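The values are calculated or read from the model by the stated rules, or taken from the named source; none is laboratory data. For clarity, every value in this text was computed on a predicted model and none was experimentally measured. Cβ coordinates were reconstructed from backbone atoms using ideal geometry, including for glycine residues, and neighbour counts include every protein chain displayed. Please note that ligands, DNA and RNA were not included when accessible areas were found on the heavy atoms of the full protein model with its side chains. Shrake-Rupley method; radii C 1.70, N 1.55, O 1.52, S 1.80 Å.
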Amino acid sequence: MSGECIRVVGPRLRVGIVGAYLAARWLEPGRILELSPEPEEEHGEFLTRPNVHRFHGEIGLPIEKVMERCGGAPAFCTPAECADGATNLPFSAIGLANRGVDFHQYWLRADQICDQPELMEFSLSLALDRAASPAPASRIAQLPVEFGVRLDRALYGGALIAFAEECGARTIGDEGGCLTIDCSDAGGAPQWTGDAISVGQIPQLPGMEWHILSSMVQRLVGLTAPLAASNPERDEWNRLAAAQSERMGDMLELLSIDDPLATERLALRRKVEVFGACGRIPSEDYEVFTQSEWLAALWFRGLRPRRYHRMADNMVEAELIDWMEQLRTQIGQITKEITGQVQAA
Amino acid sequence: MDDLVDDLAGGAVKRVVIAGGGTAGWMTAAALAKIVSPSGVAITLVESEAIGTVGVGEATIPPIMKFNTQLGIDEHTFVKETQATYKLGIEFVDWGGLNQAYFHPFGRYGFDLEGIDFHQYWSRLKSQGETHGLDEYSINIRAAYAGKFLRPEPDHGAVIGQLGYAYHFDASLYAAFLRRLAESLGVTRIEGRIERVEQDGESGLISALDLDSDRRIEGDLFIDCTGFRGLLIDGTFASKHIDWSHWLPCNRAVAVACEKIADPVPYTRSTAREAGWQWRIPLQHRTGNGHVYCDEYLTAEQAEETLLANLDGAPVSSPNHLRFRTGHREQFWAGNCIAIGLASGFLEPLESTSIHLIQMGIAKLIALFPQSRDAAVERAEYNRLMRDDFTHVRDFLILHYKATKRDDAPFWDYVREMEIPESLAQKMALMQSRGRFFKYDAELFDVTSWLAVAEGQGWGPQGYNPVAGGLSDQNVCQSLANMRSTYAKAAAAMPTHQAYIERFCKAAPTSFSMEKS
C-alpha cells in the first residue's frame, strides 16, 4: 500500500464528508487524494449531529457559511421511528441537573407530590424543535442547547466536494496503490483490512450517516497519517469503529424491539435494568448518543424508574414544585423570544 | 409507593452501618452523612481504637479536591489540620534505567496548536533533533523543581490555569478531620470491637454486628472498611479475591517517618530499588517514607535496611511492616455489604490511587444508593464500574514496570519480560508508534500521564502524526519557544511552596511522639 494516496468512492455526499476532511487535514504536497463520487445525489434532508460544529471548525469551513449556501437549519433532536410510533430524542439535557442529581429524579419526586406535565415538556431542545423557528445559528448558539444542522443532501454534498477540490483533492484519475475508502452501504460492521476501509452498513436512523462518516475519517486522520499504518493503528481503528457500531446497535434495538426488557444485548440490558431500578443510565465506552437521547428513548418505550434517587429529597416540597414551574416558564419564554425575534426580523 | 412496600417488607435502607474507621471509614461516613442522611438515613460507624489503621495513601491525586469540595471543606483549613503540603506530581527516579529521572505532572503539557495535540508538535521537532524535553512545557514541572506553588484562580490566566495539584497529608489526621465533620453531620460513632457478624437465616443478608460487651448494632446496609481483613465482605460473603500479583508482584511494604530537614517540596518522589521502589512524601511536620517490594527477591530485613539507608532525616518512628495482595474482590458489593478501601482490593500506591479508589467507591455508592436491602441491579452495576476502575489503574501501574530498561536485578528482569494485559499492550503500541492515545470513558489517567511515563522511561512516541505537519518549521519552533519562555516566567513569578503554606495554611507544630508510623 502506498503511504501517500487515498481514494474515496461511493455516494456523493458521503464522499464529500470524508473527502473534505481529508483534504483539509491530511492532504499536503506529495500526497494524493482522489475522490470518485457517484454523479448525482438526490435532494432530501440530511441530519448532522452537534459534533458538526467541531468537524467544520477543524476543516476551516464554518458551518454557518455552509448553512447560508445550502439553506440549512438548526436541529435539536434525532427523529426516531419506534415500535410504538415516532418520537424525538433531544440532543441536550431534559430539565436541569441540580446538586449533582439528574433532573428526571426531581421530576419523579415532584410527580408523586402533584401531577406534573410530561417529562419531555421540560426539554428546551424539544420545545425549540416544535417551534420550528428558523432562527439563525448565531442566535441559537447563545442558548444552553446543543444543536446539529439539517441540510439538503445534494447541496451539502456539492459544497463539500467543491471545498475538497479547493484544498487540492482530485475528482478524476485512478491512482494505483491507494488506500480505498468505500462509503457505500456494504453491510456488516465498519472494517479496515489491508488497503481497504469499508464504512459498513449505515443504520436508517437520522444522524447516523453523518456520525459514522465524520467520526470514521476523524479517527483515521487522528490515528494513521501517513498511511504506512502499522497493525496497532489499524487494530485500534477497527476496535473503535466496532465499539461505535455496538452503541448504535443498542439504540436501534431499544427503539425497535417489542419488549426492551427481553433484549439480549448486554449493554442495553444493563441500561434498561439500571434505569428501571434507580433511574440512572449507565454509560459505556464510546457512546454515540447523549444521556438525554437515551433517557428520551427509554421513556418513550414506556420504561420508568421504580423510584427516584434519595438525593432528590434535598429540596423541600414547595421549593421543588416552584422550581419545576419556573423551568417550564423559562422554556416557554426562550422559545417565544426566539420565535418572536424571527417573526419581527 | 415503592417506599411503602419496602418499609412493609422490612427491606428499606434506613440504617447504614460502617465497620471500621480509618481513612476509608470516615471518608464514607462524612460523604453519606452530607449527601444521603438528609433523606432519612442514619449513619453509624463502629471502630476500635485498639485496632490500628494502615495509614497508607498519604499522597493523593487531583480528583480529591472534588470530594473535599462536595463536603464543603475549606482547603486551607484542611491543609492546616492534616499537616498537608501541595503536590504537583511525582518524580520517578531510576525507573526507566539507573541514573535516570522523569516527572509525571498533574497539569498538561503545552498548548495545542491549530486543534492538534501539543505533543504531536513536540514529537515533530524531536524527530528533527530538537532537544528541549517535555518538562520544559509543563508549568507543574517547572514549579515543582523550583519549589514553587500557587493555587490557580480564575483570573490567573491560561498558564497558571494549567496547574493541576493534589495534596500530601497525614492520613490519620485526615481521618480525624473527617470524623469531626461526620459527627457534626449526625454520624453516630461507636467504640467497640466487632466479635460476630449476624446474618439473616433466610436471605443470608447481614442483619447486625455483635460487639464486645454484648452490644448489637442492627443495620440495613453495611460498609466494610475493616482493611485487608475484609471482616464482612470476606468473612461473611467470602467474596473471591482476583489476584494480579503476576503483573504487579510487589507484596510487602515497610514504612517509616523521618525528620524534615528542609522545606517540603511540592511533589512525591518514587525511587526504584532492587526489588521494588521507595516513596518519599513531604508533609509540613515530617517526611513519610516507605519501601514497597516483592519478598521473592528481597527479605524484610534487607528492605528495611535499604529504606533506613535512604532517608532524608533521622527516623521518628519504628519501621512498620505490611503485607498485601494486589488485586480486588470479585464482588465489591455482595448481599447488603459494600467493601470500600483496602477491604475492596489493593493496588500499590505507585500513582497515589489508594484514596482515589476509596473516593470512587463512595461516589458510585451514592449514585446507586439502594432503596432496599437486596438491590441486585444496583449491586451488579456497582461491581462492574469498580472492576473497570481497578482495571484501568492496574494497566497504568503495570506500564511503569513493563516499560523499564533496567536489567540489573532479577526483579526487573521479570517485570520487563512479563506478559501484560492485552488492553495495556494495545495502548503501549499506539503510544510508541505515533503518540496516539484513546481514553476509555471511565479511565482515570489521561494522555499527559501516559505520555509522561512512556517518554520518561524511553517508550515515547517514535513518530508523530503528520497532521501536525501543517505549520511551518519556523512557526512551530517559534510557538514552542514562546511556550517554554512563558512557562519559565510564570514559574519564576510564583511564590515558593513554603511561602504559600506560611501565608495561608501553616499547621500548628506537632510532637512526633503523637504520630503513628
- Message: Counting heavy atoms of the protein chains only and a 1.4 Å probe, report the per residue accessible area for the range A:1-137 as a whole number of Å².
- Response: 40
- Long-range amide H partners of B:Arg15, meaning residues 5 or more apart or on another chain whose placed amide H is closer than 5 Å, are B:Ala42, B:Asp220, B:Leu221
- Query: Near the amide H of B:Lys148, under 5 Å away, which other amide H atoms are found, from residues 5 or more places off or on another chain, if H is placed in the peptide plane?
  - Reply: B:His497
- Using every alpha carbon pair in chain B, what percent of pairs falls into each 20 Å bin from 0 up to the bin containing the largest distance? 22, 53, 23, 2
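What does the charge count near B:Glu330 come to, summing +1 for each Lys or Arg and -1 for each Asp or Glu among other residues with Cβ under 10 Å from its Cβ?
+3
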- Message: Report the per residue volume, in Å³, of the convex hull enclosing the C-alpha atoms of the protein assembly as shown.
- Response: 179
- Report Rg/Rh for the range B:371-466, rounded to two decimals, where Rg is the Cα radius of gyration and Rh the Kirkwood radius. 1.12
- Note on the structure: Taking every C-alpha to C-alpha distance in chain A and binning by 20 Å from 0, the per-bin percentages run 28, 52, 19, 1
- Cβ-Cβ FRET estimate between B:Thr69 and B:Arg193, R0 fixed at 30 Å, reported to 0.05: 0.30
- Query: Roughly what % antiparallel, to the nearest 5, for the DSSP beta bridges in chain B?
  - Reply: 70
- Message: For B:Thr23, what accessible surface area do you get with a 1.4 Å probe? Give it in Å², rounded to 10.
- Response: 20
- Item | Subset of B:Lys66/B:Lys260; B:Lys14/B:Lys34; B:Lys87/B:Lys260; A:Lys271/B:Lys14; B:Lys34/B:Lys87; B:Lys34/B:Lys506 violating a 23 Å alpha-carbon distance limit | B:Lys66/B:Lys260; A:Lys271/B:Lys14; B:Lys34/B:Lys87; B:Lys34/B:Lys506
- Item | Peptide A:273-286, shielding by other chains (average Cβ, 10 Å cutoff) | 4
- Karplus 3J(HN,Hα) series, Hz, for the range A:65-77 with 6.51 cos²θ - 1.76 cosθ + 1.60 (x for Gly, Pro): 5, 5, 5, 4, 6, 9, x, x, 9, x, 10, 10, 7
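Leaving ligands, DNA and RNA out of it, rank B:Cys477, B:Cys250 by accessible area with a 1.4 Å probe, largest first.
B:Cys477, B:Cys250
Between A and B, buried accessible area summed over both sides at probe 1.4 Å, in Å² to the nearest 100?
For chain A against chain B, roughly 3100 Å² becomes buried.
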- Query: What residues have an amide H closer than 5 Å to that of B:Gly21, excluding those fewer than 5 places away on the same chain, when H is modeled at 1.01 Å from N in the peptide plane?
  - Reply: B:Ser48
- Task: Select from the range B:426-441 all residues whose loss of accessible area on going from the chain by itself to the full protein assembly reaches 40 Å² or more (probe 1.4 Å).
- Result: B:Gln426, B:Leu430, B:Arg436, B:Phe438, B:Tyr440, B:Asp441
- Rounded to the nearest Å, the spacing of the alpha-carbon centers of the range B:90-161 and the range B:412-465 is 17
- Please state the relative contact order of the range A:237-345 as a whole percent: Cα pairs under 8 Å, 6+ residues apart? 23
- Taking Lys and Arg as +1 and Asp and Glu as -1, residues besides A:Thr48 with C-beta under 10 Å from its C-beta add up to +1
- Karplus 3J(HN,Hα) series, Hz, for the range B:221-229 with 6.51 cos²θ - 1.76 cosθ + 1.60 (x for Gly, Pro): 10, 10, 10, 8, 10, 8, x, 3, 4
- Query: What residues of the range A:227-268 lose no less than 30 Å² of accessible area with every protein chain in place versus their chain by itself (probe 1.4 Å, heavy atoms only)?
  - Reply: A:Pro232, A:Glu233, A:Glu236, A:Arg239
- Find, to one decimal place in angstroms, the Kirkwood hydrodynamic radius of the range B:223-334, where the mean of 1/r is taken over every pair of different Cα atoms and then inverted. 15.6
- Degrees between helix B:447-456 axis and first principal axis of chain B (Cα, 0 to 90, nearest 10): 60
- Summarise the partner chain shielding of A:309-316 as one whole number: the mean count of Cβ atoms from other chains within 10 Å of each residue's Cβ. 5
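Could you please report the charge total around B:Asp407, scoring K, R as +1 and D, E as -1 over all other residues with beta-carbon less than 14 angstrom from its beta-carbon?
-1
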- By the rule of another cysteine's Cβ lying under 4.7 Å, the cysteines of chain A that fail to get a partner are A:Cys70, A:Cys77, A:Cys82, A:Cys114, A:Cys167, A:Cys183, A:Cys278
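What order, most packed first, do the peptides B:451-461, B:350-360, A:300-310 have when packing is the mean number of other Cβ atoms within 10 Å of each residue?
Ranked by mean Cβ neighbours within 10 Å, highest first: B:350-360, B:451-461, A:300-310.
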- Query: With contacts defined as alpha carbon pairs under 8 Å and 6 or more residues apart, what's the relative contact order of chain A in percent?
  - Reply: 26
- Rounded to the nearest whole Å², what accessible area per residue is found for the range A:209-345 with the 1.4 Å probe? 39
- Item | Burial ranking of peptide ranges A:108-119, B:94-105, B:489-500 (average Cβ count within 10 Å, highest at the top) | B:94-105, B:489-500, A:108-119
- Item | Separation of the A:Asp84 and B:Arg229 label points, Cα + 7 Å toward Cβ, nm | 5.1
- Query: If B:Ser37, B:Ser138 are ordered by their accessible area, calculated over protein heavy atoms with a 1.4 Å probe, which sequence runs from highest to lowest?
  - Reply: B:Ser37, B:Ser138
- Query: When the helices in chain B are scored as -39500 (n - 2.57) per DSSP H run of 4 or longer and the sum is shared across all residues, what 222 nm value do you end up with, to the nearest 500 deg cm²/dmol?
  - Reply: -11000 deg cm²/dmol
